[in-house]
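Engineer: Attaching a single structure in structure tokens format; questions to follow.
What follows draws every value from the coordinates through simple rules; no lab data is involved. Values in this document were obtained by computation on a predicted structure and should not be read as measured data. Positions of Cβ are generated from backbone atoms using ideal geometry, with glycine treated the same way; all protein chains shown enter the neighbour counts.
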Amino acid sequence: MIEDIDSRLLDQLGARVSDAQGYLRIDERRAELAELDRKTAEPGFWDDVSRAQQLSKRAGALRDALAEYDRAVELLELAQTALELADEDEAFATEAREAAGALSELIDELELSSWFTGRFDEGDALVTVNPGQGGMEANDWTAMLVNMYVRYAAEKGWKVTVLDEQPAEAMGLDRATLQIEGRNAYGMLTSEAGVHRLVRISPTDEKERRHTTFAGVEVLPVLPDDIEVDLNPADVRVDVYRSSGPGGQCVNTTDSAVRLTHIPTGLVVTCQNQKSQLQNKDAAFRVLKARLYELEEAKRADELAELRGERKEVSFGSQIRNYVMYPYQLVKDLRSGVETGNVEAVLGGQLDEFVVGYHKWRVAQ
């Protein structure tokens, strides 16, 4: 909450709103939305369902962005009007402070969204978590990270679909892939790509010794249908098998799980959490397409992984973030320097400080 309100503060906020009109390309977005609305009103628009859904989703994202900017303009006008009336009634000063505080928070969010200018930043993400060094501990750590991202997505109002989740024999997970849908989901979650290190007293160690374990997080974009990827179906071996682990009706009683092997590259993708073999196959091809696109981009850019970041061994010395639960409580991002002692809150999904902190660091580089 802003405690002191005056015309200088509102002038500063007004300048930030004016800047937002430029970096958010408000006029361009209004024109694009008008054109999309014209297309959606055309006869036969829904004849091509896939294209129609894609355009409708884009129109929805534009409306949300424009609504946020319009709300910022509205709050600025409200604060300015209330401040003018504050000399006559102290209640208006309170109203001006509240409007200015809400505007400041909203402008912070608009500035954050302006950092996501990559081709797929505004779209959905595929997040895969795999255990690294640490044995059973790494499997448990993988499950903890998956839970953290599911809760973070819920905090952001994003939709999560579990595409693949393979339970480990003793505890935790052997792997998991989530599709996370929401505005700027891919751009935001690129902060998580890399190796995550956990230090704690092992719950399975009778001598209560400290253990260090690792898990790797991969973040890829969900590619739009108009993105061309060199994927010949003849190069893909499709295997079906019975799903393992928890599932809904029929999931574990039929050969609904799908494994794709891309023969030229050796890439393997599995999906088993959808209700039918067809749904699992579609989801698996979506992940495979994203991974092949990443490989193509890496070759063109002459680097290991442009979308996912530098690949490192999932072990000590390669981590991007440490989660220490013993002998002290600390989560620290080794890139941005952001840290907190509230490990439980972070693992419970309160990740914004680290996600935003990483992108502030990235933009400053």
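Engineer: For the range 7-113, what percent of Cα pairs sit more than 21 Å apart? The partial results should precede the final answer.
Structural biologist: Numbers: 2719 of 5671 pairs.
Summing the P(r) of the range 7-113 above 21 Å gives 48 percent of all pairs.
Engineer: Among residues other than residue 82 whose Cβ falls under 10 Å from its Cβ, what is the net charge (Lys/Arg +1, Asp/Glu -1)?
Structural biologist: Around residue 82, the surrounding residues sum to -4.
Engineer: Another one. Take the Cα of residue 299, step 7 Å along the line toward its Cβ, and report every residue of the range 202-237 whose backbone nitrogen sits under 11 Å from that point.
Structural biologist: 230-231
Engineer: In addition: Give me the distance in nm between label points sitting 7 Å out from Cα along the Cα-to-Cβ direction at residue 30 and residue 51, one decimal.
Structural biologist: Inter-label distance under the simple model: 2.9 nm.
Engineer: Now for a separate question. Label-point separation (nm) for residue 105 and residue 91, each offset 7 Å from Cα along Cα-to-Cβ?
Structural biologist: So the two model labels end up 2.3 nm from each other.
Engineer: While we're here: Compute the label zone of residue 322 within the range 198-212: residues whose backbone N is under 12 Å from the point 7 Å along Cα-to-Cβ.
Structural biologist: Under cut-off, by backbone N: 198-200.
Engineer: Now for a different question. Just to confirm the filter: which GluC sites (Glu not before Pro) across the range 148-210 are DSSP coil and have at most 12 other Cβ within 10 angstrom of their Cβ?
Structural biologist: 169, 206, 208
Engineer: How high is the relative contact order of the range 1-136? Use alpha-carbon pairs under 8 Å, at least six apart in sequence, and give a whole percent.
Structural biologist: Relative contact order, the range 1-136: 35 percent.
Engineer: Could you order the peptides 95-106, 70-81 from most to least packed, using the average number of other C-beta atoms within 10 Å per residue?
Structural biologist: 95-106, 70-81
Engineer: Would you mind calculating the relative contact order of the range 326-365 from Cα pairs under 8 angstrom and at least 6 residues apart, reporting the percent as a whole number? Spell out each step's value before the answer.
Structural biologist: Details: 31 pairs, mean separation 14.8, N = 40.
Relative contact order of the range 326-365: 37 percent.
Engineer: Stretched out fully, how many nm does the piece from residue 12 to residue 232 gain, at 0.36 nm a residue minus the Cα gap?
Structural biologist: Computed gain between residue 12 and residue 232 is 73.7 nm.
Engineer: I've got another one for you. For a footprinting-style exposure proxy, rank 46, 361, 141, 158 by other Cβ within 10 Å, fewest first.
Structural biologist: Numbers: 46 12, 361 15, 141 26, 158 20.
Arranged by neighbour count, lowest to highest, 46, 361, 141, 158 become 46, 361, 158, 141.
Engineer: If each residue's Cβ is checked for other Cβ atoms within 10 Å, how do 229, 217, 236 rank with the fewest at the top?
Structural biologist: Least crowded to most crowded, the residues run 229, 236, 217.
Engineer: May I pose another question? At R0 = 30 Å, how high is the FRET efficiency between residue 342 and residue 170 if r is their beta carbon distance? Nearest 0.05 is fine. Intermediate results must be reported in sequence, preceding the final value.
Structural biologist: Details: r = 29 Å, r/R0 = 0.97.
The pair residue 342/residue 170 has a calculated efficiency of 0.55.
Engineer: While we're on this one: Relative to the longest principal axis of the chain, what angle (0 to 90°, nearest 10) does the C-alpha long axis of helix 352-364 take?
Structural biologist: Approximately 80 degrees, to the nearest ten.
Engineer: Let me ask something additional. Between the DSSP loop rule and a limit of at most 13 other Cβ atoms within 10 Å, which chymotrypsin sites (Phe, Trp or Tyr not before Pro) in the range 322-356 are left? Don't skip to the answer; put the middle values down first.
Structural biologist: Details: sites: 323, 328, 354; in loops: 328.
Within the range 322-356, the qualifying chymotrypsin sites (Phe, Trp or Tyr not before Pro) (loop, at most 13 other Cβ atoms within 10 Å) are 328.
Engineer: If you average the sequence gap of Cα pairs under 8 Å that are 6 or more apart and divide by the length of the chain, what percent do you get for the contact order?
Structural biologist: Rounded, it is 15 percent for the chain.
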